[in-house]
Protein chains: 2
Amino acid sequence: VRTIDWVDGAIEMIDQTRLPDDVVTLRITDVPTLVDAIRRLAVRGAPALGVAGALGVALAASDLRDDFEHHVRALRAARPTAVNLARGVDRAAARAGDGPAAVLAEALRVRDEEIAASWAMGRRGADLADELLGARPVVAMTVCNTGGLAAVERGTALAVVTELHERRRLSSALAMETRPLLQGARLTTWELARAGVPHRLIVDSAGPFLLSRGAANLVVAGADRIAANGDTANKIGTFSLALAARYAGVPFVIVAPESTVDLGTASGADIAIEDRDDQEVCSVRGVRTAPAGTAAINPAFDVTPAELITAVVTERRVVRLDRGERLAVSRPHAEASPRR
Amino acid sequence: VRTIDWVDGAIEMIDQTRLPDDVVTLRITDVPTLVDAIRRLAVRGAPALGVAGALGVALAASDLRDDFEHHVRALRAARPTAVNLARGVDRAAARAGDGPAAVLAEALRVRDEEIAASWAMGRRGADLADELLGARPVVAMTVCNTGGLAAVERGTALAVVTELHERRRLSSALAMETRPLLQGARLTTWELARAGVPHRLIVDSAGPFLLSRGAANLVVAGADRIAANGDTANKIGTFSLALAARYAGVPFVIVAPESTVDLGTASGADIAIEDRDDQEVCSVRGVRTAPAGTAAINPAFDVTPAELITAVVTERRVVRLDRGERLAVSRPHAEASPRR
């Protein structure tokens with residue numbers, strides 16, 4: 001099952017806000033509905049957002065009466081932290097002069113590249129785990145959802161977990177629940193159960209402590225944006241996990257497609273953090289958790305400094321930040337890449 | 001309003017599982033009901049548990065038909081991590097030979113000492129904040145609930161926040177929600193709102209990140225048990241906050257009564273961590289958050305190494321662990337203490 005796809009002239013996607021209770025497929029035929037779906041996280045995850053953005057432009061291009069430029073801008077702005085969304089939008093929009101068919105063809109290329117990238121990230125990440133851990137069975141801790149639901153198939157960080165499981169190298173996975181929206185509890189456990197991967201759920205603040213007690217020997221996380229110096233924006237909770245991994249001497253690995261690497265952003269200080277509706281913090285799945293009138297701060301993402309990251313794994317390379325390798329200079333054949 | 005008290009021959013306590021929706025006072029007349037109330041966290045917080053244990057022994061002593069020793073053991077074992085519970089039980093039980101009135105008198109002394117201790121901790125902690133921060137307005141971050149609800153009146157770490165507010169030194173408080181049981185979201189915000197203290201709620205994993213961004217300049221936390229070397233067991237989430245405070249250069253202060261200091265426990269490695277029902281992780285206030293059948297790990301507490309703690313504040317002293325002061329050797333007049 002693909003999280004998002006182009007089916008008979010429209011976008012079809014699993015509504016991730018309904019998981020794990022119901023598996024509902026949305027059929028989306030206009031950009032405002034897609035923007036709303038992106039904003040309310042019916043589709044989320046960096047690779048999936050790139051595909052959603054590109055397919056959204058294909059939708060806009062297919063209706064000549066619509067204000068194409070307006071729709072492109074609305075799509076681009078739907079999730080400010082996610083560089084992939086803007087990239088997917090821009091790639092498809094660049095073909096607008098060649099007509100709707102060319103835009104759609106480009107959007108489908110974005111989709112197919114994300115699928116291929118996910119499989120490659122899983123393999124490279126699993127190879128790196130072998131390099132870092134030798135023959136030790138892997139207990140992998142992860143945050144948020146970075147599985148097939150966050151991509152189109154397979155995923156990013158969770159693709160590594162799945163690959164390790166299929167190679168019989170995985171002992172088990174530990175999934176942080178990822179408040180406030182519980183992508184770990186709702187989505188990651190659902191995907192791991194479907195894939196038959198042994199796993200247990202933990203509250204977010206148990207992750208750092210369990211690392212300090214040796215409960216896991218690898219941390220894998222995704223990324224929403226990776227700055228040129230390696231500082232990485234990802235779901236809130238990633239920073240505290242990286243800090244604890246460093247304290248415990250556990251490798252901390254970011255797994256994300258090349259499209260997440262943003263060499264135009266120098267460091268984490270330049271990444272805008274999306275502050276979401278503070279009432280997400282004051283309730284859980286519609287149930288209030290705090291007194292009425294309670295105000296909150298809701299940073300949806302955090303920034304993990306490069307110094308806490310062992311390696312960045314993409315579909316094309318492994319950049320060992322812990323060995324002083326850099327994203328900008330070490331990329332081989334950047335000019336030959338079809339993705340940049 | 002006192003969280004727990006002895007009223008007309010029985011224990012009365014606020015049922016904290018019903019907050020913030022309803023303020024319900026339980027009247028408890030037998031030990032099994034009290035043990036159940038302790039286990040399901042109707043009463044929680046180190047000082048309050050000490051009082052509950054002592055008053056529970058008074059209940060057991062008042063009924064000569066009961067198996068006194070059996071009840072004492074059951075009370076002692078109701079929460080393994082909380083040293084105060086066992087201490088309160090032991091103090092009251094030691095007077096059993098002198099009859100029920102003597103047991104009750106001792107239990108009421110435990111109560112009155114906890115009240116006096118809470119006020120003293122608030123004052124000492126606020127003085128320390130002035131020492132650490134100078135004239136800067138304080139933004140204090142805290143985890144779990146350490147207010148009057150966790151004690152009898154006033155509290156421990158939250159007593160410091162309240163005291164700073166009353167001294168007009170506090171800018172605002174940031175409360176971590178404290179999954180899985182949400183004591184921060186449900187109880188701390190409720191207490192801060194009643195006290196008129198400006199505050200905002202955050203998800204647990206936002207605490208470390210917001211510290212790294214300079215959003216608070218003081219962290220205060222309570223303790224369930226402090227080992228001789230300063231390692232401190234407290235609600236899960238405390239460790240990751242201490243680690244981030246160190247990373248950000250923010251003072252991290254433990255505020256707890258002397259009865260929490262356990263010189264018989266050498267270090268954090270000797271503290272048993274209570275693993276609670278894993279299904280607490282898979283739901284929030286009765287609403288499932290994970291697929292049916294999901295297993296979890298639920299360490300209710302963590303251990304913060306002494307090296308990450310700036311100071312321990314009790315009702316009698318401030319121990320600057322960051323300056324090499326030790327809990328064991330620096331305590332003045334230990335032999336004159338009525339509490340040990």
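P(r) tail for region B:1-105: Cα pairs beyond 15 Å make up 56% of the total. Ellipsoid fit via the Cα gyration tensor, the protein assembly as shown: semi-axes of 50, 24, 23 Å, each the root of five times an eigenvalue, largest first. Each other copy holds its own label point for A:ARG194; taking that point as 7 Å from Cα along Cα to Cβ, the gaps run 4.6 nm, nearest first. Only Lys, Arg, Asp and Glu carry charge here, each on its Cβ (+1 for the first two, -1 for the last two); on that basis region A:145-197 has a dipole of about 100 debye about its Cα centre. Rounded to the nearest whole angstrom, the semi-axes of the ellipsoid equivalent to region B:166-279, taken from the Cα gyration tensor as √(5λ), stand at 24, 17, 15, largest first. Cα convex hull, region B:61-108: 63 Å³ per residue, rounded to a whole number.
Note on A:ALA10/A:ASP130: beta-carbon distance plugged into 1/(1 + (r/R0)^6) with R0 of 45 Å gives a FRET efficiency of 0.60. Secondary structure note: in region B:216-340, about 60% of the DSSP beta bridges are antiparallel.
Sorted from closest to farthest, the other copies place their B:ARG73 label points 7.6 nm away, with each point set 7 Å from Cα along Cα→Cβ. Note that region B:255-328 carries a Kirkwood radius of 15.2 Å, evaluated over its alpha carbons pair by pair. Rounded to whole Å, the principal axis extents of the Cα atoms in region A:70-158 read 54, 24, 18, largest first. Of the residues A:VAL287, A:VAL103, A:VAL83, the one that moves most in a GNM of chain A with alpha-carbon contacts below 10 Å is A:VAL287. For helix A:46-62, report the angle its Cα long axis makes with the longest principal axis of the Cα atoms of chain A; keep it between 0 and 90° and round to the nearest 10°. Helix A:46-62 sits at roughly 0 degrees to that axis. How many nanometers, to one decimal and shortest first, lie between the label point of B:ASP270 and those of its other copies, if labels sit 7 Å from Cα toward Cβ? In ascending order, 5.3 nm. For region A:1-26, backbone nitrogen atoms closer than 14 Å to the point 7 Å from A:ALA116 Cα along Cα-to-C-beta are found at no residue.
A 1.4 Å probe over all protein chains sorts B:HIS71, A:HIS70 by accessible area into A:HIS70, B:HIS71, starting with the largest. Note that region A:216-340, at 4 °C in a medium of 1.567 mPa s, gets a Stokes-Einstein diffusion coefficient of 82 µm²/s from its Kirkwood radius over C-alpha pairs.
Largest first, the three principal axis extents of the alpha carbons in region A:18-79 are 38, 20, 16 Å in whole numbers. For the protein assembly as shown, adding -39500 (n - 2.57) for each run of n ≥ 4 DSSP H residues and dividing by the number of residues yields -10500 deg cm²/dmol at 222 nm. Take the Cβ-Cβ distance between B:ARG168 and B:ARG213 as r, set R0 to 22 Å, and report the resulting FRET efficiency rounded to the nearest 0.05. Plugging the Cβ-Cβ distance into 1/(1 + (r/R0)^6) gives 0.30. If you sort the three axes of the alpha carbon gyration tensor as a ≥ b ≥ c, you get a/c under 1.5 for region A:1-52, which makes it rounded. Scattering from the C-alpha atoms of region A:103-199 alone, worked out with Debye: what is log10 I(q)/I(0) at q = 0.11, 0.23 1/Å? Cα-only, vacuum Debye calculation for region A:103-199: -0.33, -1.12. Region A:189-239 and region B:152-185 have their alpha-carbon centroids 29 Å apart. Using only Cα atoms, tell me the angle between helix B:157-166 and the longest principal axis of chain B; keep it within 0 to 90° and round to the nearest 10. Roughly 60 degrees, rounded to the nearest 10. Of the beta bridges in chain B, as assigned by DSSP with both residues counted there, near 50 percent are antiparallel. Between helix A:100-133 and chain A there is an angle of about 10 degrees, using the helix long axis and the longest principal axis of the Cα atoms.
Taking 0.692 mPa s as the viscosity and 37 °C as the temperature, the Stokes-Einstein diffusion coefficient of chain B based on its alpha-carbon Kirkwood radius rounds to 165 µm²/s. This model, with +1 at the C-beta of Lys and Arg and -1 at the C-beta of Asp and Glu, gives region B:102-179 a dipole about its Cα centre of some 240 debye. Its Cα gyration tensor gives region B:233-287 an equivalent ellipsoid. The semi-axes, each the square root of 5 times an eigenvalue, are 25, 19, 11 Å from largest down.
The values are calculated or read from the model by the stated rules, or taken from the named source; none is laboratory data. This structure is a prediction, so every number in the text was calculated from the model and none was measured. All Cβ positions, even for glycine, are placed from backbone atoms using ideal geometry, and neighbour counts span all protein chains on display. What goes into the accessible areas is simple: the full protein's heavy atoms, side chains included, and nothing from ligands, DNA or RNA. Shrake-Rupley method; radii C 1.70, N 1.55, O 1.52, S 1.80 Å.
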